[in-house]
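Colleague: Below is a structure I'd like to ask you about.
Laboratory data are not the source of any read-out in this text; all were calculated from the coordinates shown. Everything quoted here is computed from the prediction, not taken from an experiment. FYI the Cβ positions are ideal-geometry reconstructions off the backbone, even for glycines, and counts take in every protein chain you see.
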Amino acid sequence: MKVLNLIARLLDYPSDELVAHLDELTGWLAESEDLDKPLRDLLLSFISHYERMDALDWQSEYDGLFERGRAVSLHLFEHIHGESRDRGQAMVDLMNRYRDAGLELNERELPDYLPTYLEFCATQGEAAYGWVHDITHVIALLSARLSKRESPYHLLMDALLQMAGVFVDLTALKEEVANEERDDTPEALDKIWEEEVVSFTGANNCDQSITRPSAAQLRDGQPLTWAPSAKDAAQNSAQPAPQE
C-alpha cells in the first residue's frame, strides 16, 4: 500500500525533505500501472500545484490552513468526539490497535493524526481499505471544507475516498458546509481565545487532563516513522547475525 504512505507524507507538514523529492514522487506515480487513472491524476494534480511553490510559502500555507481553528483539523477524533470524554478512551483504543499490529508510535504525535492513521493502514494489506472506509465520513467532511477554502488539499481527501470505493454526495455536503461560519478568521480565533481564558481563570480546581499540544508545537521536521514494538525488538535481537 505504497500509495497510502504517499498520501500520508503529502498530508504531513511539508518538510524540506519532502519538497526535495517531489520529482521522484511524480515519476513513481506516472509509472504506477496498478493505480487507477482517476486516483493517479488527483495525486499528480496535488504535487504539480506545490512543486511550483517555494518551500517556505508552502509551509506557511500549511500552518495557516491546519493550525488555525478546528474545522479542517487532521486529528480524526476532533470531528468524531470533539471535546467529549469519549475522546480520551478512543485514543487509548486506537493506540492499542496499533500495538496489536506490532507497531508503536515513534513520534510524539497523537494516534488519531490522519497521516499516522494512514501509515498504520498501509501495513494492513487488503484490510487497509476497510480501515480507510471506517473514516470516510470524516474524509468527506474535510474534502468539502477544504474545497470551500479553495485548498488543493481537498484532492488528497478525494483520493482517499476513491481508494475506499465509497460514493459520497460531495455536492450536497459542500452546500451544507457553505453555511458554516469560518473558525480560522482573526475574529473567530479571538473569540475562542477569550472563551478559553474565561474557562481557565474561572476554574476552582485544576483539571487533571493534559492539554493537547498542537501539531506545530510537536513538529520536529522529521517524517513520521514507526518503531517496532518491544516484543518485536526483543525477537529481532535474538536472531543470529547474517553471515557475510
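Colleague: Scan around GLU104 for amide H atoms under 5 Å from its own, H built in the peptide plane at 1.01 Å from N, and keep only partners 5 or more places away or cross-chain.
Modeller: Under 5 Å from the amide H of GLU104 lie the amide H atoms of ALA227, SER229, each far enough along the sequence or on another chain.
Colleague: Could you give the length gained by full extension between ASN96 and LEU56, i.e. 0.36 nm per residue of separation minus their alpha carbon distance, to one decimal place?
Modeller: 10.7 nm
Colleague: Another one. With +1 on each Lys and Arg Cβ and -1 on each Asp and Glu Cβ, and nothing else charged, work out how big the dipole of the range 2-201 is about its Cα centre, in Debye to the nearest 20.
Modeller: About 400 debye.
Colleague: For GLU31 and ARG108 in one chain, what is 0.36 nm times their gap in residues minus the Cα-Cα distance, to one decimal in nm?
Modeller: Full extension from GLU31 to ARG108 adds 24.3 nm.
Colleague: In nanometres, what is the gap between the two model label sites at VAL19 and SER45, each 7 Å from Cα along Cα-to-Cβ?
Modeller: So the two model labels end up 2.5 nm from each other.
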